[in-house]
Amino acid sequence: MTTRVISINVGGPRAVSWQGRSILTSIFKSPVAGPVVVNALNLEGDAQSDLTVHGGARKAVYVYPSEHYAFWREELPGVDLPWGAFGENLTTSGLVEDTTRTGDRLRIGSAEFVVTVPRMPCFKLGIRFDRPDIIGRFLESGRSGFYLSVAGEGIIRAGDSVTLMSRAPDALAVADAVARRLKREGP
């Protein structure tokens, strides 16, 4: 299977009403066409709302495998799930949690990235799907996706291949990192 970027998704902060409060969120991402500049902390056209939990050097880009969408279409019948629905910046093919490890160095287009941590979603995923139970279901599914830091700025496009440049020999698979955290903290 070819490992590649299926979709590049960006979005900015917007205020939404949630449980009687106004919440600022950037979880609503939409696919973009053409080349996208990768900066040290973000993709061009994207912004995070709460840098205490999303964004920054270790969480600059969020990746979610396209392979997981079939599972969620079964779990959430009737819910529209376009690429970017989980708030990911990159929807990929062939890059999944079981085989991707923290510390993996990846090349996409002319940019370089390092896999840092799995995504542990906050309540804003519940806002995106208008269902608070999605957070526990998301974590228990083992379909977390993961964050990348930017090791080298550049330009990426949908359709670009993802090349594994190097791997730390004793690094944890993303799926194992999620399982350890859930065992320690619960969903």
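The values are calculated or read from the model by the stated rules, or taken from the named source; none is laboratory data. Source: prediction; values computed, not measured. When we count neighbours, we look across all protein chains shown, and the Cβ atoms used for this are built from the backbone with ideal geometry, even at glycine.
Tally time: how many residues in the stretch 150-181 are part of a helix (DSSP H, G or I) and either within 18 Å of the chain's Cα centre (by Cα) or among the small types (Gly, Ala, Ser) (or both)? Of the residues in the stretch 150-181, 7 are part of a helix (DSSP H, G or I) and either within 18 Å of the chain's Cα centre (by Cα) or among the small types (Gly, Ala, Ser) (or both). Output the residues belonging to the stretch 97-119 that are buried (at least 23 other Cβ atoms within 10 Å of the Cβ), among the β-branched types (Val, Ile, Thr) and within 15 Å of Arg143 (Cβ to Cβ). Within the stretch 97-119, just Thr100 meets the criteria. Across the stretch 9-57, the number of residues qualifying as touching a residue at least 12 places away in the same chain (Cβ under 8 Å), aliphatic (A, V, I, L, M) and out of contact with any Phe, Trp or Tyr (no Cβ under 9 Å at 6 or more places or on another chain) comes to 12. With the condition kept exactly as written, say whether any residue in the stretch 126-134 is modelled with pLDDT of 90 or more and within 21 Å of Gly94 (Cβ to Cβ). Looking through the stretch 126-134, none of the residues is modelled with pLDDT of 90 or more and within 21 Å of Gly94 (Cβ to Cβ). Pairs are defined by a Cβ separation below 6 Å, a sequence spacing of at least 6 or placement on different chains, a first member in the stretch 117-143 that is under 21 Å from Lys183 (Cβ atoms) and aromatic (Phe, Trp, Tyr), and a second member that is at pLDDT below 90 and surrounded by 19 or more Cβ atoms within 10 Å (Cβ to Cβ); the pairs so defined are Phe138/Pro121.
How many residues, within the stretch 135-157, are surrounded by 20 or more Cβ atoms within 10 Å (Cβ to Cβ) and not charged (D, E, K, R)? Break it down into steps so the answer makes sense when it comes.
Of the residues in the stretch 135-157, the ones surrounded by 20 or more Cβ atoms within 10 Å (Cβ to Cβ) are 138-139, 143-148, 156.
Now drop any that are not not charged (D, E, K, R), which leaves 138-139, 144-148, 156.
So the count comes out to 8.
In the set Phe86, Phe113, Phe138, only one residue is over 19 Å from Thr3 (Cα atoms), of a type in the set (Phe, Trp, Tyr) and not in a loop (DSSP other than H, G, I, E, B); that residue is Phe138. Within the stretch 47-92, being of a type in the set (D, E, K, R) and surrounded by 22 or more Cβ atoms within 10 Å (Cβ to Cβ) holds for one residue alone: Glu88. The numbered conditions (1) of a type in the set (Phe, Trp, Tyr); (2) outside any strand (DSSP E or B); (3) closer than 22 Å to Pro35 by Cα are all true for Tyr147 except (2).
In the stretch 62-69, the condition of being free of Cβ contacts under 8 Å to residues at least 40 places away in the same chain, in a helix (DSSP H, G or I) and not polar (S, T, N, Q) is met by at least one residue. For the stretch 1-29, the set of residues classified as over 13 Å from the mean Cα position of the chain (by Cα) and hydroxyl-bearing (Ser, Thr, Tyr) consists of Thr2, Thr3, Ser17, Ser22, Thr25, listed by residue number. Considering the stretch 1-46, and only residues there that are under 13 Å from Ile127 (Cβ atoms) and touching a Gly at 6+ places or on another chain (Cβ under 6 Å), the residue that is surrounded by the fewest Cβ atoms within 10 Å (Cβ to Cβ) turns out to be Phe28.
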